[in-house]
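The values are calculated or read from the model by the stated rules, or taken from the named source; none is laboratory data. What you see is a predicted model; the values in this text were computed from it and never measured. Reconstructed Cβ throughout: ideal geometry from the backbone, glycine too, with neighbour counts over all protein chains shown. Accessible surface is based on the protein model in full, side chains and every heavy atom, while ligands, DNA and RNA are left aside. Shrake-Rupley method; radii C 1.70, N 1.55, O 1.52, S 1.80 Å.
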Amino acid sequence: MGVLNGESTAVSPPSSANSAQPVCGAAVAGLPIVALALAAVAVHLVTNLGLGGYGYFRDELYYIACSHHLAFGYVDHPSLSIILLWIELHLFGASMFALRLFPALAHGAEVIVAAMLAREMGGGRFAMGVAALAVLIAPVFLGLTAFYSMNAYDPLLWGVAGLVVVRILNTGDARLWLWFGLIAGIGLENKISMLFLCLGVVAGLILTARRRDLLSPWLWIGGALATLLFLPYVIWNARHGFPTLEFMHNADLYKNYHPSLPAFAAAQLMLLNPLVAPLWMAGLCWCFFGESGRYRLIGWIYVAVFALTLQGGKAYYAAPVYMLMLPAGAVALERFSSARQWGVALRRAAVAVLVIAGVISAPFALPLLPPNALASFAERLGPKQNNALVGERTEQGILPQNFADRFGWPEMAAAAAQAYASLSPDERAHTAIFTDNYGEAGAIDFFGPRYGLPPAISGHNSYWFWGFGNRDIDTVIVLGGDQASLAKFFSEVIPAAKFRCRYCMGYENGLDIFICRKPAAPIAKVWPRLKKFI
């Protein structure tokens with residue numbers, strides 16, 4: 001029978017003496033899991049073809065620019081995702097399909113890791129299948145791996161780290177903390193929010209009988225290894241005046257939305273799909289009260305991560321912890337249903353609910369619908385402006401932000417090229433294109449060469465460190481702003497074009513483009529004032 005049928009049986013939690021199923025049984029259980037993983041990859045590969053007019057995502061254009069400036073760190077993220085992108089670009093090129101291959105594979109790997117977690121927690125074939133299916137259809141995991149960013153790798157790394165923690169709880173082998181430190185260090189080099197998991201583990205150790213592990217030298221060696229792997233980013237920050245701390249402070253002060261506890265909790269429900277909530281909630285309860293408290297530490301990890309992200313992060317920052325909760329819920333469901341006569345019906349109903357949930361929520365995570373249909377769909381089934389869900393105070397468009405930021409970039413470069421083409425060849429030699437944010441700058445850098453545009457300059461995040469080049473700049477094409485404000489810096493400010501885009505973010509639509517001449521001061525003098533880390 002299949003891995004998701006109603007007749008599979010649960011197995012007891014693995015012990016240190018015998019933690020593996022028979023090879024043949026594992027292979028039988030593994031084939032459907034591999035099929036689900038391949039389905040996860042396949043759905044991304046299809047949607048990454050750019051159907052419906054969906055293009056490159058804002059962050060992708062910035063990340064591509066970062067890959068041309070390899071460093072040990074960047075203002076708003078560590079370097080691992082950029083190194084992987086550099087490899088990917090050199091192997092496969094910069095088409096959307098190629099660019100998003102690694103994230104698609106990451107989602108497939110997450111599906112497999114979820115099944116492995118369920119198995120390590122003592123689940124049988126049904127639990128493994130449910131865990132894999134839940135991670136496959138969860139909107140937040142689909143969405144984070146639908147384009148290239150560091151977020152695509154975050155749940156996978158949390159899942160693998162969590163697998164090591166569960167293994168430690170099952171075997172008592174403190175030497176495995178060394179492996180946890182290795183994975184945590186790699187995760188920190190991908191995204192700093194891996195600290196949330198590490199702090200959650202510490203909280204869980206303190207609050208459970210596993211506190212004895214705090215005295216284990218293996219845990220401290222693992223911590224030292226994680227610190228060592230994270231050290232290049234720390235050193236980069238120290239050498240550059242800790243720009244990441246400045247970025248985080250400014251983002252918290254000016255950009256990030258700070259939701260109430262109910263709004264934050266509601267955002268968690270939406271990110272995982274409300275229909276899936278009973279599964280991970282059951283997993284949380286099972287971690288605390290099931291299996292004689294064996295996995296109570298996992299429950300405390302969730303509580304700590306929830307509290308930390310509520311205080312200092314966006315709602316989706318907590319998403320990777322559900323790589324632990326969903327498998328736990330799958331095992332809880334398997335345990336509960338196996339002891340009841342109507343258990344088979346319950347299992348089939350649970351699988352049906354997951355499939356229905358996936359069908360309903362997929363259009364909010366993947367570019368499956370034409371943009372006009374998506375706008376109508378979003379208006380009916382979800383709030384267009386949900387700051388708690390988006391995590392920012394920025395003005396939204398008619399599409400959800402994760403789709404709106406895929407529109408308008410080639411047209412924006414074409415509009416800037418229109419202004420640039422109006423200049424004489426001599427003037428172009430001393431002209432720069434200045435943008436307000438890294439998305440606009442990335443669009444100029446990626447799409448601009450076809451028009452002969454020079455590289456963009458910007459004060460936003462890492463673009464500020466990259467500077468303005470070695471040219472004498474007498475004319476600046478400015479994307480955004482208003483004529484009165486620009487007149488403070490230039491003697492001549494001429495409106496040259498207006499960029500309009502129906503589906504892009506609200507603050508990008510109607511963007512004015514100006515040709516600015518006769519600067520009041522050399523750009524080298526005003527450049528420090530243009531820094532915008534946010």
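Using every pair of separate Cα atoms, the Kirkwood estimate puts the hydrodynamic radius of the stretch 47-139 at 15.3 angstrom.
Our note on the geometry: Cα centres of the stretch 25-104 and the stretch 264-326, 26 Å apart.
P(r) tail for the stretch 177-260: Cα pairs beyond 17 Å make up 58% of the total. Per the Kirkwood formula applied to alpha carbons, the stretch 341-380 shows a radius of gyration over Rh ratio, Rg over Rh, of 1.24. Its residue count N sets the reference 2.2 N^0.38 Å, and the alpha-carbon radius of gyration of the stretch 118-170 equals 1.27 times that reference. Is the stretch 102-241 rounded, prolate or oblate when judged by the Cα gyration tensor, a ≥ b ≥ c being the square roots of its eigenvalues, rounded requiring a/c under 1.5 and prolate requiring a/b larger than b/c? The shape class here is oblate. Seen from a random direction on average, the alpha-carbon convex hull of the stretch 313-369 projects onto 5.1 square nanometres. Over all pairs of different C-alpha atoms in the stretch 171-312, the reciprocal of the mean inverse distance, the Kirkwood hydrodynamic radius, equals 17.1 Å. Would you mind classifying the stretch 217-293 by shape? Square roots of the alpha carbon gyration tensor eigenvalues, ordered a ≥ b ≥ c; an a/c under 1.5 is rounded, otherwise it is prolate if a/b is larger than b/c and oblate if not. Cα axes put the stretch 217-293 in the oblate bin. Global size of the stretch 435-494: 12.1, 33 Å for Rg and Dmax (C-alpha atoms, Rg to one decimal, Dmax whole).
In the stretch 344-495, Rg over Rh equals 1.16, where Rg is the alpha-carbon radius of gyration and Rh the Kirkwood radius from pairwise Cα distances. Pairs exceeding 28 Å between alpha-carbon atoms, taken from Lys191/Lys488; Lys255/Lys518; Lys314/Lys531: Lys191/Lys488; Lys255/Lys518. Taking Cα atoms only, the orientation of helix 277-289 departs from the longest principal axis of the chain by about 50 degrees. In this structure, the amide hydrogen of Glu492, modeled 1.01 Å from its nitrogen in the peptide plane, lies closer than 5 angstrom to those of Arg517, counting only residues at least 5 positions away or on a different chain. Count Lys and Arg as plus one, Asp and Glu as minus one, and take only other residues whose Cβ is under 15 Å from that of Leu178; the net charge is then 0. Here the Karplus relation 6.51 cos²θ - 1.76 cosθ + 1.60, evaluated at θ = phi - 60°, turns the backbone of the stretch 203-210 into coupling constants of 4, x, 5, 5, 8, 10, 5, 6 Hz, with x for every Gly and Pro. In the chain, the calculated helix contribution to ellipticity at 222 nm averages -18000 deg cm²/dmol per residue, counting -39,500 (n - 2.57) for every DSSP H run with n ≥ 4. Whole-Hz Karplus values for the stretch 326-332 come out as 5, x, 4, x, 5, 5, 4 Hz, taken residue by residue from phi with 6.51 cos²θ - 1.76 cosθ + 1.60 and θ = phi - 60°; glycine and proline positions read x. Annotation for Ala352 and Leu530: the two label points, set 7 Å from Cα along the Cα-Cβ direction, are 6.1 nm apart. The phi torsions of the stretch 237-243, fed into the Karplus equation with coefficients 6.51, -1.76 and 1.60 and a -60° offset, translate into couplings of 5, 4, 6, 10, x, 6, x Hz, rounded to whole numbers, with Gly and Pro shown as x. For Ile494 and Leu207, the difference between the fully extended length at 0.36 nm per residue and the C-alpha to C-alpha distance is 96.9 nm. Note on Phe377/Ala265: beta-carbon distance plugged into 1/(1 + (r/R0)^6) with R0 of 30 Å gives a FRET efficiency of 0.80.
Nonpolar atom fraction for the chain, defined as the carbon and sulfur part of the 1.4 Å probe accessible area, stands at 66 percent.
Its residue count N fixes a reference of 2.2 N^0.38 Å for the stretch 290-428, and the Cα radius of gyration divided by that reference is 1.61.
A compact globular protein would have a Cα radius of gyration near 2.2 N^0.38 Å; the ratio found for the chain is 1.04.
Counted over all Cα-Cα pairs of the stretch 415-528, pairs farther apart than 19 Å make up 42 percent. FRET efficiency for the Ala520 to Leu91 pair, using the beta carbon distance and R₀ = 41 Å, is estimated at 0.30.
Close amide H partners of Ile433, meaning residues 5 or more places away or on another chain with modelled amide H under 5 Å apart, are Ile457, Ile477.
Counting every pair of alpha carbons in the stretch 95-150, the share spaced more than 14 Å apart comes to 54 percent. With Cα atoms defining each centre, the stretch 441-497 and the stretch 147-173 are spaced 42 Å apart in the structure. Label point 7 Å out from Glu395 along Cα-to-Cβ: which residues of the stretch 408-436 have amide N under 17 Å? Of the residues in the stretch 408-436, 408, 436 have backbone N under 17 Å from the label point off Glu395.
The calculated P(r) of the stretch 358-442, using every Cα pair and 10 Å bins from 0, goes 14, 36, 25, 16, 9, 1 in percent. Relative contact order of the stretch 414-478: 43 percent, from C-alpha pairs under 8 Å at least 6 residues apart in sequence.
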